[in-house]
Amino acid sequence: MEFFKPDLLPWLIPVGPLVAFLIITLATNRSKMVPATDHHEYGGHHPDYDGMEVPVVTTRSRIFSITIGVIGVLWALVISWMTIGNAFNVHHFGVEVLQSNFAWMDTGETTLNMGVLIDPATVIMLVMVPIAVLMIFTYSIGYMAHDPRQSRFFALISLFAGAMLTLVVADNVLMLFVGWEVMGVCSYMLIGFWFEKESAYKAAIKAFTTTRIADVVMLLGIVYLYMVTGTLSYRDIMYNPENLELLVTTTPIIFGGFAVSAASVIGIFLIIGTVGKSAQFPLHVWLPDAMEGPTPVSAMIHAAAMVSAGIFSLVRLYPLFAAGGDPHHGIMTQPLVFMAVIGSFTALFAATMAVAQSDVKAVLAYSTISQLGFMVAALGMGAYIAAAFHLITHAFFKALLFMAAGSVIHGMEHGEHHVHEHGDHGHDDHHDDHGHHFDPQDMFNMGGLRKTMPVTFWTFLIGGLSLSGFPIITAGFWSKDEILADAWLVLSEYGSGTHGLVFFMLAAAAFLTAFYTMRQISLTFGGDARTEAAEHANLGKGLVSVTMTAPLIILAFFAIFAGFIGVPTDFPILGSIFSPEHNAFHHFMAESLPLPEATAGYGTLPDYHPDAPPFNIIPVATSFIVALGGLWLGWFMYWRKPLKAGEVDPMEKFLGPLHPILKNRYYMDDLYIWLFVKPSQWFGKQVIVFLDKGVIDTILHVIARVFTWLGDLVKVLNLWLIDGVGDGIPIAIYNFGGWLRRMQTGRVQQYMLFILAAAVIIGLVLVVSSGAVTAQ
Amino acid sequence: MIPLWMYLAVAAALFSIGVFGVLARRNAVAILMAIELMLNAVNINLVAFWRYSETNTDLLLNGYVFTAFILIVAAAEAAVGLAIIISVYRNRRSVIPEDAHTLKG
Amino acid sequence: MLELNAISIGFFIFTIFTLGGAIGVVTTRNLFQGTVWLMVSLFGIAGYMLLLSAPFLAAVQILVYIGAIAILITFAVMLTRSVTRVDERYIRTIPSLIGSLVLFLILIAGVTIPVFGGHEGAPVVVKTTHDFGLALVDGNGYVVPFMLASLLLTAAMIGAIFIARDEET
């Protein structure tokens, strides 16, 4: 009951999913062996296993693990809402927060603490994360219903959820990092969930390695931060002007007159962590490949959890980045510039690749990268609140889109199965009549699905429109608009070049976003079915379809209405309806930044509390134009005259030689392979040959030979000494006996001679002892 | 009177000669003769001690009798010994003890 | 110390006989001669007996030793005649000589010298043969050894005959 005090309650939030993970792993993961060719039981067909028996989780285990997993998330949800309720009851929330911590590890003069912190940033995450995760869990019930390893799946996503929540409620950078790393491991395990597939496990390794590189740099940043300030707690660093000033003024590196402050160094290192985790250029390469994982995993990783964690960490650390500059007045610090450049570049870069993809999930993957670029760029500009806003809205509609795409794929597979009565019932490549691999994820195999999967169509459409930033009625519009408004504000008032760059690049990216989204929707749902499978695609009836469509509907609701908490106050008409006094979201989030009074005394620190950008027609108009324009172009190219089967993508004609480059992701994967992977493999091989076989084996052989030689030596010694002695003694005795035997001649006179000798001796003794001689 | 020690000396010499004869002679009969000498040397000693014994005022006949018995036993022993020699001679055609080394170890 | 009287001369002569005869016995190559020398030595010993007031023993010495044993030895010599003349007289000469010499010295040292210088005179009273005879059959005397001795002789006689008899028939 102690835990229900407001300060301590947040500790319980991650407990639910983490305990669920433990229980499922330890108790409800029982398997039974079934023949691999039993398609009904063994949902995943893998040709290598034909003729063998494979383990499949028992139905009872399925039910238990689903139940426990969902309970875990519900627990987190309920406690989160309680916490949010508590938070709203705090007077002057933001300045006053709910927190609790304890000393965890003594490191000499300073101590590392572990603790929880509920401030406005945490609150908004706690609104989004449990709901999104719960939707994903529900979706997984249906999606993984025939998977032979469903229990394991629920265990892993429970762990994933637990790690994310730990990260969210953490009050210090270290605990955030712990959650960060655990999510990295979970992503590895989940992306490679279908580990028999080579592409799957390779993608898992790629994800883990890429993010790990970034994590190392981030860790260096954390260590340095700890070195300078002696603490890692957010309240002590981010909300403490003194420490911020300290970080800015400490200048560890000076490049010929150009001083780099500790804040910059730490900031850039920590941003690099997010570059990896949130798949920004150049560490974005893992995210498209992460589509190898089951769709709920994609939803979780790319929407609700992992990439959000990256952005969230930037949100948390924002005061550090902005220290030393004043982004709202156009004065940028190095970390901010870094973020702005990387973010906007990534946004545009990824959007260009998305237009040339044919896999429905790939488009969404690049879309995610692009939207994350938006968020990073927003933070780079100082639009802290806009970035957080976009994070939340994006989580909702992206999760929705992924799960809807998953439904589409599921439906396509059902259609495929329907077409081939004896067909495979699994998630890897299929074959159609002509013996070609049938890819249920290829948009060019789809078409006309709005007829057979209406719920999925409408929810996907809503999500897509939100993503594109369809004006007014979608949440995406409001969050994207705020970013553009922030950029425009500083550009126009202070002429900041960085802000201008960001504005234009993001606008271009938004245009492309709308375009490729409409392209995707048209290809998938518009026109007529291009293949037989698409004709029969549906989710069927029953629990599976319900659990897969209900979350979509709920998330679609959020995708529409979540935006209305962030309407600018002076927006015509709607502003007065939704935000009469102040922009609710803006006002709420702003409280998590240090107060102007506190930072006023410190010259290097900006006024963190910006006003919400006033209504300006230009950014709004830009939003309208890019969104509607992109959507119209997509409709024009793809829906108006829908593609028939076998028709070539018009983009190919349009882009010409550029198309293959985009489709192959600017060949960056190949570059990385050539640059990093192959040399590493070469090096590894060298180590094996030289070190392992050459040095270590040689040493071992030498040792073996030495000991063998010693053994032989001992053997010889044994033979010599012991045998020698052992045989020698009897021989010696024998010889002695033989020598002694010579006394026995058998000759009487000799015996008598000996008797005489003895008698003489005795006589001598007697004579001498009796003193007869001397007495005379 | 002859001092006692002279008798004893003579007896000792006689005994030694006898020992030499026993040890050194090759012929068995010669050895037997030497044995007789030794026995007689002993007899001399005994009689001399009997005669010169101061405690023997009554001249008890111990020494006398002893000597007599030695004589008796010597006779018996000579007889038997010679019988053996003859028997051996019959079997082995040799009276040289050197040749009788069948018990050689 | 030694007065020259009949006894001394007699002693001297008998010594000559005894020791000379003994040496003769051990050095002769011819065993018949050896027998004769034995007889001479025994005769000398008989003389000692006389000097030592044991006439009976002297007589027995001559009768038994010389008359019986020496003759016996002669017979034995004759019976084993093929090797009477031996080329090699001695075996192990030096060890035997040394041994007997040492023995002699020890005897002198141990037996003779302790009585040196005393016992010049001998008691006058002597026993007669009659006493000896009485002692031999006296129940408190030597009757048991006497009987045993006779047994011994009988056994020896039988044994000697048995050992030396012809095996032909």
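Among the candidates A:697, A:649, which residue alone is more than 30 Å from residue A:383 (Cβ to Cβ) and over 38 Å from the mean Cα position of the chain (by Cα)?
Result: A:697 is the single residue among A:697, A:649 that is more than 30 Å from residue A:383 (Cβ to Cβ) and over 38 Å from the mean Cα position of the chain (by Cα).
If residue B:20 satisfies all but one of (1) within 7 Å of another protein chain (Cβ to nearest Cβ); (2) free of Cβ contacts under 8 Å to residues at least 12 places away in the same chain; (3) more than 24 Å from residue C:60 (Cα to Cα), what's the number of the condition it fails?
The number of the failed condition is (2).
Just for the stretch B:27-49: of the residues that are touching a residue at least 60 places away in the same chain (Cβ under 8 Å) and farther than 22 Å from residue C:102 by Cβ, which one is farthest from the other protein chains (Cβ to nearest Cβ)? Break it down stepwise before answering.
Going residue by residue through the stretch B:27-49, those that are touching a residue at least 60 places away in the same chain (Cβ under 8 Å) are B:27-29, B:31.
If we keep only those that are farther than 22 Å from residue C:102 by Cβ too, we end up with B:27-29.
Details: B:27: 6, B:28: 8, B:29: 5 Å.
Among those residues, the one meeting the criterion is B:28.
Only one of these conditions is not met by residue A:324: (1) part of a loop (DSSP other than H, G, I, E, B); (2) under 18 Å from the mean Cα position of the chain (by Cα). Which number is it?
Unmet condition: (2).
Of all residues being more than 7 Å from every other protein chain (Cβ to nearest Cβ) and either in contact with a His (Cβ under 6 Å, 6 or more places away or on another chain) or among the acidic types (Asp, Glu) (or both) in the stretch B:77-105, which is farthest from residue C:161 (Cα to Cα)? Just the residue, please.
B:99
Please go through the stretch B:55-72 and pick out each residue that is free of Cβ contacts under 8 Å to residues at least 24 places away in the same chain and facing chain C (nearest Cβ under 7 Å). Give the derivation first.
Looking only at the stretch B:55-72, we keep the residues that are free of Cβ contacts under 8 Å to residues at least 24 places away in the same chain, and these are B:55-66, B:68-69, B:72.
B:57, B:59, B:61, B:64, B:65, B:68, B:69, B:72, listed by residue number.
For the stretch A:214-222, state whether one or more residues are modelled with pLDDT of 90 or more, within 24 Å of the chain's Cα centre (by Cα) and under 29 Å from residue A:149 (Cβ atoms).
yes
Being modelled with pLDDT of 85 or more, surrounded by 10 or more Cβ atoms within 10 Å (Cβ to Cβ) and within 14 Å of chain B (Cβ to nearest Cβ): is that true of residue A:743 here?
no
Go over the candidates A:540, A:575 one by one and state the one that is over 29 Å from residue A:141 (Cβ atoms), of a type in the set (Gly, Ala, Ser) and either assigned by TED's automatic domain parsing to the domain that holds residue A:402 or modelled with pLDDT of 75 or more (or both).
So the residue among A:540, A:575 that is over 29 Å from residue A:141 (Cβ atoms), of a type in the set (Gly, Ala, Ser) and either assigned by TED's automatic domain parsing to the domain that holds residue A:402 or modelled with pLDDT of 75 or more (or both) is A:575.
Can you name the number of the only condition in (1) closer than 30 Å to residue B:102 by Cα; (2) exposed (fewer than 10 other Cβ atoms within 10 Å of the Cβ); (3) within 14 Å of another protein chain (Cβ to nearest Cβ) that residue A:730 fails?
Every listed condition holds for residue A:730 apart from (3).
Would you confirm, using the coordinates I've provided, whether residue B:10 is at pLDDT 90 or above and more than 7 Å from every other protein chain (Cβ to nearest Cβ)?
No: the conditions fail for residue B:10.
Need pairs with beta-carbon distance below 7 Å; first residue at the interface with another protein chain (Cβ under 9 Å from one of its Cβ atoms) and within the stretch C:140-160, second in a loop (DSSP other than H, G, I, E, B) and surrounded by 12 or more Cβ atoms within 10 Å (Cβ to Cβ); sequence gap 6+ or separate chains.
Final answer for the pair search is none.
Does residue A:695 satisfy the criteria of being among the β-branched types (Val, Ile, Thr) and either touching a residue at least 40 places away in the same chain (Cβ under 8 Å) or surrounded by 10 or more Cβ atoms within 10 Å (Cβ to Cβ) (or both)?
Details: among the β-branched types (Val, Ile, Thr): yes; either touching a residue at least 40 places away in the same chain (Cβ under 8 Å) or surrounded by 10 or more Cβ atoms within 10 Å (Cβ to Cβ) (or both): yes.
Criteria met by residue A:695.
May I ask you to say which residue of C:35, C:84, C:28 is within 28 Å of residue B:87 (Cβ to Cβ), surrounded by 15 or more Cβ atoms within 10 Å (Cβ to Cβ), at the interface with chain B (Cβ under 9 Å from one of its Cβ atoms) and at pLDDT 90 or above?
C:35
One line per residue, one yes/no per condition, for (1) surrounded by fewer than 23 Cβ atoms within 10 Å (Cβ to Cβ); (2) among the small types (Gly, Ala, Ser); (3) touching a Pro at 6+ places or on another chain (Cβ under 9 Å):
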site	(1), (2), (3)
A:130	no, no, no
A:136	no, no, yes
A:139	no, no, yes
A:152	yes, no, no
A:183	no, no, no
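Would you confirm whether any residue within the stretch A:650-667 is farther than 21 Å from residue A:205 by Cβ, of a type in the set (A, V, I, L, M) and assigned to a loop (DSSP other than H, G, I, E, B)?
There is no residue in the stretch A:650-667 that is farther than 21 Å from residue A:205 by Cβ, of a type in the set (A, V, I, L, M) and assigned to a loop (DSSP other than H, G, I, E, B).
Given the conditions (1) at pLDDT below 80; (2) facing another protein chain (nearest Cβ under 7 Å), and given that residue C:164 satisfies all but one, which numbered condition is not satisfied?
All conditions pass for residue C:164, except number (1).
Could you list, in sequence order, the residues of the stretch C:52-69 that are facing chain B (nearest Cβ under 8 Å) and free of Cβ contacts under 8 Å to residues at least 60 places away in the same chain?
Result: C:52, C:54, C:57, C:60, C:61, C:64, C:65, C:68, C:69.
What's the number of the condition residue A:569 fails, among (1) modelled with pLDDT under 70; (2) surrounded by fewer than 21 Cβ atoms within 10 Å (Cβ to Cβ); (3) farther than 20 Å from residue A:392 by Cβ?
So the condition that residue A:569 fails would be (3).
So which of A:527, A:495, A:447, A:542 is at positive phi and surrounded by 24 or more Cβ atoms within 10 Å (Cβ to Cβ)?
A:447
The values are calculated or read from the model by the stated rules, or taken from the named source; none is laboratory data. Since we're looking at a predicted model, the values are computed, not measured. Every residue, glycine as well, gets a Cβ built from its backbone with ideal geometry; the counts of neighbours run over all protein chains shown.
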